[in-house]
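Below is one structure; the comments refer to it alone.
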Amino acid sequence: MEVLHISFEFYPLAKTGGLADVVGALPKYLNNLDISTGVILPKYDKSTFQDLKVISQTEGTVLLGTTEYLYTIEEIKDTRFEFPLYIVAIPSLLNRDQMYGYPDDVERFLGFQIAVLQWILTLKDKPQILHCHDHHTGLIPFMKDYCYDFEDLKPLKSIITIHNAQYQGQFGYEYEHYLPYFNEEDKGLLDWDQLINPLATAIKCADRVTTVSPTYMRELQQSAAGLEGLLVHEKNKCIGILNGIDATYWNPKTDSLLKEPYDRRNFISKRKIHKEWLCDTYGFIKELPLFIFIGRLVYEKGVDLLPEVIEKIMPQANLNLLLLGSGDQVIAANLKAAAQKVGTHCQVHIGYDEQLSHLMYAGGDFILMPSRVEPCGLNQMYALRYGTIPVVRRTGGLQDTVVDIGDDGYGICHAQATVTDICEGIRRAVELYSNSKFYRQTQRKAMQIDNSWNHSAKQYKTLYQSLIKYIHD
């Protein structure tokens, strides 16, 4: 069985969030289950792409309206990757500093998808399943089945995985002529609210629709930025499969980014080294519990509530708080202003820093995740693996992966994304920390949780096999 993952992100080459981590790890675990899996992604103007060894390449052109774009698809050989990797170079469209946020994103997304399908046409051994990720690849199931240029690809099966339904990639019909020719009678498959909506189109056209946690799938059928009715209509082909983590990379026993490796036998002394380093670096009091936040500074993460939380709870509670992230500039400014009001107990680091994030997982006592929307969430899984206790809102994948200590679990959960609930979660965490014996027991329990891709990859294998059986039947 051959599966090709098609994505705009892939760790470690191009990352803005959890999508990259998933596409970077899942194929490795699938290959371990004898599912021949490859990945294809765009080539960006990033240093991570500069030293890749190209072992073969294919050239072609993409026509968007009246404009022709030359593309090259390069097969990469790199010992970091245990599966075939391909990158699509369209210099005038994809070779940018950032992955998203350009006025010509419609052309960029379409050019990439059309180039991928044209390349697949040339392959002698074609993948049996095209596994698409998010709206950037959402028009592939439609073009494969309904555009005349790709009629030979119709026997292939397609899957769309929704990592975040808030982003749907919709655009106006003035771009319709960029698509390869298709029958006008099929135009309705593109439409949602009088716009071409790639995510809605994928839900309609893909053979299977997955999301990144079972709870998130249920939530989407109630609230999905306008797509909830469509997901209910298509529910028979929808399934929520919880994301996993790459347990070989996120492993405190072998993590090269840490000051000292550790496991469940020696985590108390080794984690103390990391906490003391963080406290020395940021001016914290070592005896107090250290809370951390790592993530995008956006409304969905509930981080806009944290400035008020900081001003409300920091003067009353004995704790330290370190925040790492980037995103909305207003949220970032509000966080900094709140931190300045309460003094050195709270520090804000704006930006993306992979090593610092690992050190925070290894040295923090609690991680805050007050998300309004969390399709799966990976940070809570990383934290558990490293012995940092999650304080989370019950939503999406957070509900599927964190069990409250009141239910004999290993985390602290609250019901709503409100300042009151977040503060109550922090209060409970401080109380837990004061009971050192119970706190250590909770850490040990957390570090034993297996959130690797092993189980989820088996679910994907079963899903793939059901599609291949459908082909043969």
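The values are calculated or read from the model by the stated rules, or taken from the named source; none is laboratory data. These numbers were taken from a predicted model, which means no experiment stands behind them. Virtual Cβ from ideal backbone geometry, glycine too; neighbours counted across all protein chains shown.
Quick test of your reading of the structure: residue 79 fulfils all but one of (1) modelled with pLDDT under 95; (2) within 16 Å of residue 41 (Cα to Cα). Name the failing condition by number.
Condition (2) is where residue 79 drops out.
Might you let me know whether the range 78-92 holds any residue that is basic (Lys, Arg), surrounded by fewer than 16 Cβ atoms within 10 Å (Cβ to Cβ) and more than 24 Å from the chain's Cα centre (by Cα)?
Checked the range 78-92: no residue is basic (Lys, Arg), surrounded by fewer than 16 Cβ atoms within 10 Å (Cβ to Cβ) and more than 24 Å from the chain's Cα centre (by Cα).
Residue-by-condition table, conditions (1) β-branched (Val, Ile, Thr); (2) touching a residue at least 60 places away in the same chain (Cβ under 8 Å); (3) closer than 24 Å to residue 433 by Cβ:
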site	(1), (2), (3)
327	no, no, no
347	no, yes, yes
358	no, yes, yes
402	yes, no, yes
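Name the residue, out of 239, 273, that is out of contact with any His (no Cβ under 7 Å at 6 or more places or on another chain), closer than 30 Å to residue 467 by Cβ and either in the same structural domain as residue 326 (by TED's automatic domain parsing) or part of a strand (DSSP E or B) (or both).
239
Within the range 429-438, track down each residue that is without any contact (Cβ under 8 Å) to a residue 60 or more places away in the chain and crowded, with 18+ Cβ neighbours inside 10 Å.
432
What is the one condition in (1) loosely packed, with under 15 Cβ neighbours inside 10 Å; (2) free of Cβ contacts under 8 Å to residues at least 40 places away in the same chain that residue 143 does not satisfy?
(1)
In the range 284-314, which residue that is aliphatic (A, V, I, L, M) and in a loop (DSSP other than H, G, I, E, B) is nearest to the chain's Cα centre (by Cα)?
298
What number of residues within the range 186-200 are assigned to a helix (DSSP H, G or I) and over 17 Å from residue 107 (Cα atoms)?
Within the range 186-200, residues that are assigned to a helix (DSSP H, G or I) and over 17 Å from residue 107 (Cα atoms) number 5.
Would you tally the residues in the range 118-140 being in a helix (DSSP H, G or I) and surrounded by 24 or more Cβ atoms within 10 Å (Cβ to Cβ)?
Counting residues in the range 118-140 that are in a helix (DSSP H, G or I) and surrounded by 24 or more Cβ atoms within 10 Å (Cβ to Cβ) gives 4.
Is it the case, given these coordinates, that residue 97 is of a type outside the set (A, V, I, L, M), at positive phi and in contact (Cβ under 8 Å) with a residue 40 or more places away in the chain?
It is false that residue 97 is of a type outside the set (A, V, I, L, M), at positive phi and in contact (Cβ under 8 Å) with a residue 40 or more places away in the chain.
I need every pair where a residue in the range 442-461 that is closer than 22 Å to residue 408 by Cα has its Cβ under 9 Å from the Cβ of a residue that is hydroxyl-bearing (Ser, Thr, Tyr) and assigned to a helix (DSSP H, G or I), sequence separation at least 6 or different chains.
446/386; 447/386; 449/401; 451/382; 451/401; 452/29
Do we find that residue 16 is hydroxyl-bearing (Ser, Thr, Tyr), closer than 25 Å to residue 126 by Cβ and surrounded by 15 or more Cβ atoms within 10 Å (Cβ to Cβ) in this structure?
no
Quick check, is residue 261 outside any strand (DSSP E or B) and surrounded by 22 or more Cβ atoms within 10 Å (Cβ to Cβ)?
Against the criterion (outside any strand (DSSP E or B) and surrounded by 22 or more Cβ atoms within 10 Å (Cβ to Cβ)), residue 261 does not qualify.
What single numbered condition from (1) buried (at least 21 other Cβ atoms within 10 Å of the Cβ); (2) assigned to a helix (DSSP H, G or I); (3) touching a helix residue (DSSP H, G or I) at 6+ places or on another chain (Cβ under 8 Å) fails to hold for residue 115?
(3)
Report whether or not residue 251 is outside the structural domain of residue 136 (by TED's automatic domain parsing) and surrounded by fewer than 23 Cβ atoms within 10 Å (Cβ to Cβ).
So residue 251 passes the test.
Being without any contact (Cβ under 8 Å) to a residue 24 or more places away in the chain and either of a type in the set (D, E, K, R) or surrounded by 15 or more Cβ atoms within 10 Å (Cβ to Cβ) (or both) is the requirement here; does residue 219 meet it?
no
Report, by residue number, each residue of the range 1-56 that is of a type in the set (A, V, I, L, M) and free of Cβ contacts under 8 Å to residues at least 24 places away in the same chain.
Passing the criteria: 20, 54, 55.
Against the conditions (1) over 30 Å from residue 448 (Cα atoms); (2) surrounded by fewer than 22 Cβ atoms within 10 Å (Cβ to Cβ), where does residue 270 fall short? Just the number, please.
Every listed condition holds for residue 270 apart from (1).
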